[in-house]
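Student: Mind looking over this structure? Questions follow.
The values are calculated or read from the model by the stated rules, or taken from the named source; none is laboratory data. This is a predicted model, so every value here is computed, not measured. Note that each Cβ is placed from the backbone with ideal geometry, even for glycine, and that neighbours are counted across all protein chains shown. Please note that ligands, DNA and RNA were not included when accessible areas were found on the heavy atoms of the full protein model with its side chains. Shrake-Rupley method; radii C 1.70, N 1.55, O 1.52, S 1.80 Å.
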Amino acid sequence: NKKYPGCDVDYPYIIGDGFCHGREYNTEVCGWDGGDCIDFNKKYPDCDVEYPSQIGDGRCDGREYNTEECGWDGGDCIGFNRMYPGCDVEYTFSIGDGKCHGREYNTEVCGWDGGDCIDFNKKYPGCDVDYPYIIGDGFCHGREYN
């Protein structure tokens, strides 16, 4: 990119395309993504995420997006955080989606996956697998599922 010669990114043609790209694009040497990230950086100066456009898009994204620095995902996670304080999962939209997800989702702090795992936990106490919803689907999944 002739305009930003020190900007070494995979897709230099997206710099200044009107869309704020994160990480290596949103740097001084890349002109804050050709100016596309200036407003974002003013609002969230310490928020470093891969997809800044997901901040405040109406859907609560987890982990690095659901932080004070990122305004609790631009306000998208405020309701989630009230319902499940301390529940730190990547896919917050999976909580309470009608399907029992395992591991960190199926915990007390996450409301047993928003209630989705209550019946599963009664039927299979102590069963800790990644995908509880595949148990009983007619297929032998092996290892920890047997």
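Student: Based on alpha-carbon centroids, what's the gap between the range 108-134 and the range 1-61 in Å, whole number please?
Tutor: So the two Cα centres are separated by 39 Å.
Student: While we're here: Largest first and in whole Å, give the semi-axes of the range 18-146's equivalent ellipsoid, each being the square root of 5 times a Cα gyration tensor eigenvalue. The partial results should precede the final answer.
Tutor: Values: eigenvalues 272, 51, 21 Å².
Gyration-tensor ellipsoid for the range 18-146: 37, 16, 10 Å.
Student: Note down the magnitude of the dipole of the chain about its Cα centre, charges +1 on Lys and Arg C-beta and -1 on Asp and Glu C-beta and zero elsewhere, to the nearest 20 debye. Before the final figure, lay out the partial values.
Tutor: Details: 13 positive and 30 negative charges, 56 e Å.
That gives a dipole near 280 debye.
Student: A further question on this structure: Take the Cβ-Cβ distance between Asn146 and Phe93 as r, set R0 to 30 Å, and report the resulting FRET efficiency rounded to the nearest 0.05.
Tutor: On the way: r = 30 Å, r/R0 = 1.01.
With a Förster radius of 30 Å, E is 0.50.
Student: Right, something else. At a 4.7 angstrom Cβ threshold, list every cysteine in the chain that has nobody to pair with, or say none.
Tutor: So, Cys127, Cys140.
Student: Can you give the net charge of the other residues whose Cβ lies under 12 Å from the Cβ of Asn121, counting K and R as +1 and D and E as -1? Write down the numbers at each step before the final one.
Tutor: Values: positive: Lys122, Lys123; negative: Glu108, Asp113, Asp116, Asp119, Asp128.
Within the 12 Å Cβ shell, the charges total -3.
Student: Let me ask something else about it. Return one whole number: the accessible area per residue of the chain in Å², for a 1.4 Å probe. Intermediate values should be presented prior to the final figure.
Tutor: Numbers: 9100 Å² over 146 residues.
Ligands and nucleic acids excluded, the result is 62 Å² per residue.
Student: Ignoring ligands, DNA and RNA, please state the percent of accessible area on the chain from carbon and sulfur, probe 1.4 Å. Don't skip to the end; give the middle numbers.
Tutor: Working: 4480 of 9100 Å².
Carbon-and-sulfur percentage of accessible area, whole number: 49.
Student: With the contact rule set at Cα under 8 Å and sequence spacing of 6 or more, what percent relative contact order holds for the range 9-136?
Tutor: Values: 176 pairs, mean separation 19.0, N = 128.
That works out to 15 percent.
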